[in-house]
Amino acid sequence: MGIKLKDILIKKQIEFDDLAGKKIGVDFSNAGYQFLASIRQRDGTPLTDSKGHITSHLVGLFSRTTNLMARGVKLCYVFDGKPPAMKYGVTKEREEKKQTAEKRLEEAKEEEDVMAMMKYSKQSMRLTQEMVNEAKELVAALGLPGIQAPSEADAQLSYMCQKGDVWAVATSDVDPLVHGCPRTITNLTLSQKRKTSSGAIINIKPELIELKDLLSTLKLNMDQLIALSILVGTDYNPGGIKGIGPKKALKLVTGVKDFDKLFKEVEADFEWKKIYALFKSMPVEKDYELKWGTPDENAVKKLLVDKHEFSEERVDATLSKIIKVKAKDQKGLDKWVK
């Protein structure tokens, strides 16, 4: 869902060249749902192989990842673990909505309503464990590190960025900021175009949000940013406090130290202290290894070509681009170590 902080964010537009050589952590679930939502046929049907197995997630992951690798970006993927118990209500509600959308999708198919089919197909999509496992397999085959988070990937990525093991975190929402992530990048896609809710196509570029600049500009500390986010609404209290958006929440938390008093005044009907504690101390894996290697062409083709019937010619052409980049990087390194 993502915390709705758009109206108060401080963003800086950057170029892909600015990211060359930098280590960027990616929330796979966040990206995976993007792929499932956008890589579809006109009637909303996801891409599949001849056996009916969905391949949209692999098409998106392979295309975006290799394009960024060809630009010299060093990607690392992090996978969600077990969600906090407080997220159960949201997860249950989302599942009920998906089931409702599935019923409406069947009705739309019977009526041959293509617009409705697209709408309800997206609303009923699921990122299954099988898809996640295949993504892990592809990430490893491309020579990239994949980290399994014990809980939320946002928290794991933020920890890794705080430690300096990745330079920034790429995501479509800004939840990592509330976990204390120093740098967040949105729009990390080479398409540089996005369709709005109205159907219009707009041009986009990667945008960098630096936490220290955001806090300084808004005159907030980290605790106040967490409180602000809870007022607006998180995955653990969807909708937040009725009538309070990011701008009003900013006014409410500025200069405030007594959050007990604040949440009483706004008549919060949820356990804000437990939500606050989650953002302050979400479980993370501290014993991990980030190692970038050379793509394993056979492993990539076994998954994509042999199992899911991707075009071998296209896969080979794509792999040749990133292998050339790897070779060029190694040649430049050899010059310094000889």
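The values are calculated or read from the model by the stated rules, or taken from the named source; none is laboratory data. Everything numeric in this text was worked out from a predicted model, so none of it was measured. Ideal geometry is used to build each Cβ from the backbone, glycine not excepted, and the neighbour counts take in all protein chains shown. Areas reflect the complete protein model, heavy atoms only, side chains present, ligands, DNA and RNA absent. Shrake-Rupley method; radii C 1.70, N 1.55, O 1.52, S 1.80 Å.
Does at least one position in the stretch 164-173 carry a residue that is within 12 Å of the chain's Cα centre (by Cα) and either under 17 Å from residue 277 (Cα atoms) or aromatic (Phe, Trp, Tyr) (or both)? Scanning the stretch 164-173, I find no residue that is within 12 Å of the chain's Cα centre (by Cα) and either under 17 Å from residue 277 (Cα atoms) or aromatic (Phe, Trp, Tyr) (or both), so the answer is no. Considering only residues that are within 24 Å of residue 71 (Cα to Cα) and open to solvent by less than 80 Å² (accessible area, probe 1.4 Å), look in the stretch 1-22 and name the one that is modelled with the lowest pLDDT. The qualifying residue modelled with the lowest pLDDT is 16.
Can you confirm whether residue 94 is closer than 25 Å to residue 294 by Cα, open to solvent by 60 Å² or more (accessible area, probe 1.4 Å) and at pLDDT below 95? The answer is no for residue 94.
Within the stretch 257-272, the set of residues being in a loop (DSSP other than H, G, I, E, B) and closer than 23 Å to residue 235 by Cβ comprises 266, 267, 268, 269, 270, 271. Within the stretch 298-327, residues that are under 15 Å from residue 143 (Cβ atoms) and polar (S, T, N, Q) sit with their Cβ atoms under 8 Å from residues that are in a helix (DSSP H, G or I) and open to solvent by less than 40 Å² (accessible area, probe 1.4 Å), at 6+ positions apart or across chains, in these pairs: 318/62; 318/66.
Taking the condition outside any helix (DSSP H, G or I), among the hydrophobic types (A, V, I, L, M, F, W, C) and crowded, with 16+ Cβ neighbours inside 10 Å, does residue 59 pass? The answer is no for residue 59.
Suppose we keep only residues that are touching a Ser or Thr at 6+ places or on another chain (Cβ under 8 Å) and closer than 27 Å to residue 281 by Cα within the stretch 133-155. Which one would you say is surrounded by the fewest Cβ atoms within 10 Å (Cβ to Cβ)? Among those that are touching a Ser or Thr at 6+ places or on another chain (Cβ under 8 Å) and closer than 27 Å to residue 281 by Cα, it is 153.
Residue 41 meets each of the listed conditions (1) modelled with pLDDT under 95; (2) in contact with a His (Cβ under 9 Å, 6 or more places away or on another chain); (3) over 29 Å from residue 164 (Cα atoms) apart from (2).
If residue 110 meets every condition in (1) surrounded by fewer than 16 Cβ atoms within 10 Å (Cβ to Cβ); (2) under 23 Å from residue 150 (Cα atoms) apart from one, which number is that one? In the conditions (1) surrounded by fewer than 16 Cβ atoms within 10 Å (Cβ to Cβ); (2) under 23 Å from residue 150 (Cα atoms), residue 110 misses (2) alone. Taking the options 116, 101, name whichever one is of a type in the set (A, V, I, L, M), in contact with a Gly (Cβ under 9 Å, 6 or more places away or on another chain) and without any contact (Cβ under 8 Å) to a residue 24 or more places away in the chain. When all the criteria are applied, what remains is 116.
Comparison of 130, 134 shows that the only residue that is of a type in the set (Asp, Glu), free of Cβ contacts under 8 Å to residues at least 40 places away in the same chain and not in a loop (DSSP other than H, G, I, E, B) is 130. Got at least one residue in the stretch 177-184 being open to solvent by less than 10 Å² (accessible area, probe 1.4 Å), without any contact (Cβ under 8 Å) to a residue 60 or more places away in the chain and part of a loop (DSSP other than H, G, I, E, B)? Scanning the stretch 177-184, I find at least one residue that is open to solvent by less than 10 Å² (accessible area, probe 1.4 Å), without any contact (Cβ under 8 Å) to a residue 60 or more places away in the chain and part of a loop (DSSP other than H, G, I, E, B), so the answer is yes.
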